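The values are calculated or read from the model by the stated rules, or taken from the named source; none is laboratory data. From a predicted model like this one, the values you see are computed outputs, not experimental measurements. In this analysis, Cβ positions are derived from the backbone assuming ideal geometry, glycine residues included, and neighbour counts consider all displayed protein chains.
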Amino acid sequence: MIIADETPTLARWKGILRAVRRDGTPALFLIGATALFFWPLWIAGYRFPKGGGDLWGQLYPVWSFVAEELGRGVLPLWNPRMLGGDPIFSEGQYGLFNPLNWPLFLAFPIPPGWVLLRGAFSLWLAGVGMYVYLRRSPIWRLGRTAALTGALAYMFSDPFVVHLGHPQFNDAMAWLPWALAGVDQAARRTHRIPLGALPIALLLLSGHGQAALYGMIAVGLYAFGQAVEGGWPRGFYRIGRLALAGLLGIALAAPSLLPGLERLPMTDRAGVPLEQRRGYEFPPAMLIDFLSPLFHGRGADQFWLPANRVESGYAGSVTLYLALLGVFGTLRFRWTWGLIGLGTLALLFSLGYQGPLYPALARLPLFSETWKTARAIYLVSFALAIAGAMGVEQLRRLRPRTVILWAMVLSMGGLVLWGIAPRWAAEAPEGPARARAVTGLRFAAFLAWGTALSSWAISQGRTWLRPALPLLLTAELVALGATAEAEPSPPHRDPHPQALRFLRADPGWFRVDVDPAARDLWPPIALQMAGFEVPQGTGNPMELREFNILRWWIPSATHPAYRMLGVKYIVVPKGAPPGGEGIWPVFVDDPAIDIHLHTGALPRVWLVYRTEVVDHYGEALKRVLDERFRPEEIAVVQNGPRLNGEGRGRIEVARYSPNEVILDVETDAPALLVLSDTFYPGWQATVDGLRVPIYRTNAVFRGVEVPPGRHRVTLRFRPGSLRIGLGMAMIGGLMGLVLGVAGKRRRWGPNPTSSPRNRTILTLHT
């Protein structure tokens, strides 16, 4: 009998099956660890984060709106329900282009449980990515137990726990190890360049610009190290492949990046003076929290330092102990020094003004917007997780007596920590805070003994005890982190059903405002989710600055500028007096709130026959905030038409959707049609099918000149930045496909596995 040789395809599939069998158990363990960490959600019915955070206050209302519109067959690029309208496609944190959000967008109404599952998924994704990276990277190539330990340390580290209410931040952190694994792939073969580009794109599409920037710095430094490692001419080819992977990744993320860069100068975040960017810096006093986050209080309600509460970088005291062994056991390895350098740079930058790096870097592009510097600490957690995994690996490689010596030193350190815990905790306020600090330090001491004992047992060849360290670390991280940001979930109910029925009974086109004193009684986001337009935002620092300035500077609801907002109804606390002339209660049947009617509110769209032309926003703002301004009679336009006549007209709304407004206008004289929606690049107007300009009107709104007669005025949102971004993504995707197919058939550059130098590295560290 003749047995044919295995084909390359068959051999490849056999290799995949072997890998699945080999790494299947750790993958299942990560699933189980994730489920265990989130037991308050599944078992006790809790939610995260405490107080709702950005997850429920900023993201959920927008996600619900997107899901609702997608159910109608429309991809909304513009959200008319908040502020004067908001270009949500350009705010990456809303994540229109983040694939992890798409399952939510396909469900309306979005079940709250799905939102919580979405947050939990980021942690699991980070764990799997870290495991794959540590196992498959030619730099580390660690064993299963070591890689599993690193994965657990990273996915349950303090930055992930603190940012459970910021899934966009956690997404960026989760994609980092995947991006590094992609760099490994792209550095080896041309046809693997797409594997390097895709996770970079997903990292950038996460939506949190600051976290993505820090992650890309780490990716860039790692790629540089990979290129240098190859020598000449191998390094030259590596540089080309890695640069191409990075460019392709940026191109694939361009539909989010370009609109975001266009929006950034128009937001509240832009233009903040350097001296005002204090806050949310990592305090040096929190270095002790690397041992135990209980020292200064794990939750926001427990934090007692006189500073803003920030993430600590804690990745488990077990991880910290193992990291010491991993670093000192591999000091001759150049990548160990790279790891130390990355962690040190991230720590120094996280200090903000308390450190030497931020004042210099803060003047550079992009860095100038990253003033919450403590968020860079997640790179320290990342470096600690890798170092801890290296420590587990060293337990197999070091001589037993070396491990025993280290275990003895660690045990003595635990004994000392147990004894001095009360003295260290003396700086904490008396009472529960001090008790938590002592408990946290002594728990860290107990874990030092557990780590020492497990390490000794493993060094003695007791292989069945290898899972002891991942289990010990899991127990620590679950015990200290599972309930840190969780709280009992309030019952989901409509807080004001009668008031909602009253508002829905009005078929008009209007906005609803909420008095500041009533925002705890009926939050504006609840009205947004009920389908109403409100002039408030969600507290996002990326909101459009010029509209917010106008809204903040309007002194009262009786001011002429307030009438431009189209606010017909105002929600006020129960029994509040009328808000002024022309404002009186019309709904008082709710036990907590009343609704007042603003009789002087202008319609959402109206005609004026006189204009005042100005050159810039500041001049227009000053004019519309004048008490003598009459928006129903005159419009202030920037570099627009001069009108000085009289006339009459009427407007019928034919269609109003997120991306399109169609109006039937009849006027007996040249007029300016004013729409109280925010002026923004990308809106295009036609009158009877002919393109006409849109003028910035009354500081922040839109205006279109209309000649006498009957006309159809159409405004469509077709942002050029999005079209360019989509074009770049299509070109990038096509190039990636070509490289993946053609590069597999033809090899460019020397074989990276043929170098004796490379083989030496793999031998020393596998």
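Restricted to the range 192-223, and to residues there that are surrounded by fewer than 21 Cβ atoms within 10 Å (Cβ to Cβ) and not aliphatic (A, V, I, L, M), the residue that is nearest to the chain's Cα centre (by Cα) is Gln210. Note on the range 677-736: no enclosed strands (runs of 3 or more DSSP E) hold 3 or more residues that are free of Cβ contacts under 8 Å to residues at least 12 places away in the same chain.
Mind checking which residues of the range 429-467 are hydrophobic (A, V, I, L, M, F, W, C), in contact (Cβ under 8 Å) with a residue 24 or more places away in the chain, surrounded by fewer than 21 Cβ atoms within 10 Å (Cβ to Cβ) and more than 30 Å from Leu405 (Cβ to Cβ)?
Let us first name the residues in the range 429-467 that are hydrophobic (A, V, I, L, M, F, W, C), namely 433, 435, 437-438, 441, 443-449, 452-453, 456-458, 464-465.
If we keep only those that are in contact (Cβ under 8 Å) with a residue 24 or more places away in the chain as well, we get 433, 437, 441, 443-449, 452-453, 456, 458.
Filter once more, keeping what is surrounded by fewer than 21 Cβ atoms within 10 Å (Cβ to Cβ): 433, 443, 446, 449, 453, 456.
Across the range 429-467, the qualifying residue is only Ala433.
Evaluation of Glu485 against the conditions (1) part of a helix (DSSP H, G or I); (2) over 18 Å from Ala389 (Cα atoms); (3) not assigned by TED's automatic domain parsing to the domain that holds Ala601; (4) not aromatic (Phe, Trp, Tyr) shows that the sole unmet condition is (1). Of the residues in the range 677-684, not one is over 26 Å from Trp553 (Cβ atoms) and acidic (Asp, Glu).
Taking the options Gly338, Gly355, Gly391, Gly326, name whichever one is farther than 25 Å from Ala452 by Cα and touching a residue at least 40 places away in the same chain (Cβ under 8 Å). Even if it seems obvious, please write down each step before you answer.
Numbers: Gly355 fails: touching a residue at least 40 places away in the same chain (Cβ under 8 Å); Gly391 fails: farther than 25 Å from Ala452 by Cα; Gly326 fails: farther than 25 Å from Ala452 by Cα.
Exactly one of Gly338, Gly355, Gly391, Gly326 is farther than 25 Å from Ala452 by Cα and touching a residue at least 40 places away in the same chain (Cβ under 8 Å), namely Gly338.
The residues of the range 34-56 that are within 14 Å of Gly119 (Cβ to Cβ), of a type outside the set (Val, Ile, Thr) and in a helix (DSSP H, G or I), listed by number, are Ala35, Phe37, Pro40, Leu41, Trp42, Gly53, Asp54, Leu55, Trp56.
Here Ile250 meets the list (1) over 30 Å from Asn548 (Cβ atoms); (2) over 18 Å from the mean Cα position of the chain (by Cα); (3) at pLDDT 85 or above almost entirely, failing just condition (2).
If only one of Phe295, Phe303 is within 30 Å of Leu480 (Cα to Cα), touching a residue at least 24 places away in the same chain (Cβ under 8 Å) and in a loop (DSSP other than H, G, I, E, B), which one is it?
Numbers: Phe303 fails: touching a residue at least 24 places away in the same chain (Cβ under 8 Å).
Being within 30 Å of Leu480 (Cα to Cα), touching a residue at least 24 places away in the same chain (Cβ under 8 Å) and in a loop (DSSP other than H, G, I, E, B) holds for just one of Phe295, Phe303, which is Phe295.
Of note, Ile200 does not satisfy the criterion of being closer than 26 Å to Phe236 by Cα, in a helix (DSSP H, G or I) and in contact with a Lys or Arg (Cβ under 6 Å, 6 or more places away or on another chain).
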